[in-house]
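The values are calculated or read from the model by the stated rules, or taken from the named source; none is laboratory data. Note that the coordinates shown come from a computational prediction; the quantities given were computed from them, not determined experimentally. Quick reminder, even Gly has a Cβ in these numbers, built from the backbone with ideal geometry, and neighbours come from all protein chains shown.
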Amino acid sequence: MTALVLENIHKSFGAVDVLKGISLTVEPGEFIVFVGPSGCGKSTLLRTIAGLDDASSGSIRIGGRDVTNLPPAKRGIAMVFQSYALYPHLDVEGNMSLGLRQAGEDRKIISERVDVAAKMLSLTTYLKRRPSELSGGQRQRVAIGRAIVRKPELFLFDEPLSNLDAALRMATRVEIARLHRQLGASMVYVTHDQTEAMTLADRIVVLRDGKIEQIGSPMALYNDPDNQFVAGFLGAPSMNFLTAAPLGAPGTTLGIRPEHLTVAAKGRITGTITHVERLGGDTNLLVNTDRGETITVRLFGQHPHQVDETVALDFDNRHAYSFDLDGMRLRS
Amino acid sequence: MNRARHNPLNSAASHAVLILYTIIALFPVFVILVNSFKTRRAIFSEPLTLPTGDAFSLIGYQTVMKQGDFFLYFQNSVIVTVASLFFILLFGAMAAFALSEYRFRGNMLMGLYLALGIMIPIRIGTVAILQMMVASGLVNTLTALILVYTAQGLPLAVFILSEFMRQVSDDLKNAGRIDGMSEYSIFFKLVLPLVRPSMATVAVFNMIPIWNDLWFPLILASGEKTKTLTLGSQVFIGQFVTDWNAVLSALSLAILPVLVLYTIFSRQLIRGITSGAVK
């Protein structure tokens, strides 16, 4: 049995097509991340799965049931929102138990499940507090707890970490990964942050303009992108795209990741350093090439390069990607 | 920290302006209250002095109490005002929720149509309203007044509330939907508590004109049983002789309930439970 099946989902607001034929199958226990630039339709797709928006056409099956025409509460899903969306008038316990109480669940079962979730998220001491008395990280944990308590067939996360500061974001990311292992539940997660996508996902779905560009495991997408968009979207700093012809490569564009470029005594590319970023562990060089292109070089460790220095760069052909005029990958 | 806020000169100046405004605003109320406790002679000879010694008299209040039906008028006014406010807030909030939350054909037109009432005074339709009330047998009932005031208050209520409801987070409403709440419980349990301050604003805006209105009680409900306080007080104002003691006493008493209602609503104005709901 599959956790989620999307078949040819279309969605349009008036004349604007937001989703253009999305098909996807999610296996039980899988962690799927939708990633893409803003406006690519990833949030709309999530809301369509949740039933908050209706699809214009296509069908949605969750846990083998056709839920295309069911209201959100009947779809067996739970959702965690970017803005937490906690009920301000209820305490933590009330927030977590509301869904079950609406479903008419037995009181004993409710309090058991709330206890388990609270323990999992170390919220036990906060059960009687209102959302306004909690910090941002605690609020997001309550929102996650509210989802866990419902024991859904599918968890939906809508950019849950965007409102947290950097340190908390990392901690909560680890927490979500741990919960996924612990619960073994199927999860769909939307983000525009590629670090979250790379670290959390079993499979990443890269979306652009309402269409799926590529689906695959993080490393598969990173090492073997189907097209220029996916290649440029994943990885930080992002891939350099150079005109292929002068380098003797096939296709129109040659893509090389910053970490695959090396400073050499004699290289195929020469240029002037315009900026140096020293991060301690890495050193990033911005180089203006003789052909007027700007490229980023990522060197491991600390290097004494200076601005205005002339450098020669080289790369391994095995780590270069060729793309044709339409941005499609040319595999040799 | 804002430096201007801690500058004593600025602070003194703003307090001076506020105090001056308070004095101007409270002066008429003060004159009415003070003179309601005076003899008729004292009202006219020294209208601004305090009611002390010979000048002190409760004759005005005695006249008002003896007039018998005063408490009935009072009760009528309270019923009409409270019931109208209740319906304005209930239906206004419901319409505002529908307009701000749901996308449907004619949404914009419906909003404009409801806003039209802000620009066209309801009194223009008095004759038609009277005809309708006569036809439906509602003349000389409090229901007639409540209906008219509800209609009068709705446009502004819908306009203000729909603006505020648009600001209630969509995520919160969607979280409710996923938890299986009906649209009604989302409206009553999630949205209404969050727009409570704006409801209080609407209530205060509507309360005073309704309480003070003379026009519709005079036309639609001038019977002895349905007179409101404002209309009832008119018995003391004659064409040739006016019983000023009684008029001032009646007015002083009429201020009280408005003060009480205002205190209730203004507390809501200040209280905000929104913090912590979102973000």
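Screening A:Ala85 with (1) free of Cβ contacts under 8 Å to residues at least 60 places away in the same chain; (2) out of contact with any Ser or Thr (no Cβ under 8 Å at 6 or more places or on another chain); (3) at positive phi gives one miss only, at (2). Of the strands (runs of 3 or more DSSP E) lying entirely inside region A:251-321, those containing at least 3 residues that are within 28 Å of the chain's Cα centre (by Cα) span A:253-256, A:282-289, A:294-300.
In region B:185-200, of all residues being under 18 Å from the mean Cα position of the chain (by Cα) and surrounded by fewer than 19 Cβ atoms within 10 Å (Cβ to Cβ), the one that is farthest from the other protein chains (Cβ to nearest Cβ) corresponds to B:Pro197.
If we scan region A:176-190, do we find a residue that is surrounded by fewer than 20 Cβ atoms within 10 Å (Cβ to Cβ), touching a Gly at 6+ places or on another chain (Cβ under 7 Å), within 11 Å of chain B (Cβ to nearest Cβ) and of a type outside the set (S, T, N, Q)? No.
Residues checked against (1) touching a strand residue (DSSP E or B) at 6+ places or on another chain (Cβ under 9 Å); (2) surrounded by fewer than 24 Cβ atoms within 10 Å (Cβ to Cβ); (3) on the phi < 0 side of the Ramachandran plot:
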site	(1), (2), (3)
A:Ser43	yes, yes, yes
A:Arg47	yes, yes, yes
A:Asp53	yes, yes, yes
A:Asn95	no, no, yes
A:Gln102	no, yes, yes
A:Asp115	no, yes, yes
A:Ser122	no, yes, no
A:Tyr126	no, yes, yes
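When both residues are 6+ apart or on different chains and their Cβ atoms are under 7 Å apart, which pairs have a first residue that lies in region A:130-146 and is on the phi > 0 side of the Ramachandran plot and modelled with pLDDT of 90 or more, and a second that is hydroxyl-bearing (Ser, Thr, Tyr) and surrounded by 18 or more Cβ atoms within 10 Å (Cβ to Cβ)? Pairs found: none.
May I ask you to verify whether B:Ile146 is closer than 26 Å to A:Lys74 by Cα and either crowded, with 21+ Cβ neighbours inside 10 Å or modelled with pLDDT of 95 or more (or both)? Considered against the rule, which asks whether it is closer than 26 Å to A:Lys74 by Cα and either crowded, with 21+ Cβ neighbours inside 10 Å or modelled with pLDDT of 95 or more (or both), B:Ile146 comes out as no. One residue stands out in region A:138-162 among those that are within 13 Å of chain B (Cβ to nearest Cβ) and more than 23 Å from A:Thr48 (Cα to Cα): the one that is surrounded by the fewest Cβ atoms within 10 Å (Cβ to Cβ), namely A:Gln138. Among all residues of region A:234-241, there is at least one that is among the hydrophobic types (A, V, I, L, M, F, W, C), assigned to a loop (DSSP other than H, G, I, E, B) and closer than 30 Å to A:Glu7 by Cβ.
A quick yes/no check of all residues on (1) closer than 28 Å to B:Tyr102 by Cβ; (2) touching an Asp or Glu at 6+ places or on another chain (Cβ under 6 Å); (3) away from chain A (no Cβ under 14 Å); (4) surrounded by fewer than 19 Cβ atoms within 10 Å (Cβ to Cβ):
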site: B:Met133; (1), (2), (3), (4): no, no, yes, no
site: B:Pro155; (1), (2), (3), (4): yes, no, yes, no
site: B:Val158; (1), (2), (3), (4): yes, no, yes, no
site: B:Glu183; (1), (2), (3), (4): yes, no, no, yes
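Here B:Phe236, B:Phe216 are screened, and the one residue that is surrounded by 22 or more Cβ atoms within 10 Å (Cβ to Cβ), among the aromatic types (Phe, Trp, Tyr) and under 22 Å from B:Tyr73 (Cα atoms) is B:Phe216.
Taking region B:56-97 as the range and being under 30 Å from B:Asn35 (Cα atoms), surrounded by fewer than 18 Cβ atoms within 10 Å (Cβ to Cβ) and within 15 Å of the chain's Cα centre (by Cα) as the test, the residues that pass are B:Val78, B:Ile79, B:Val82.
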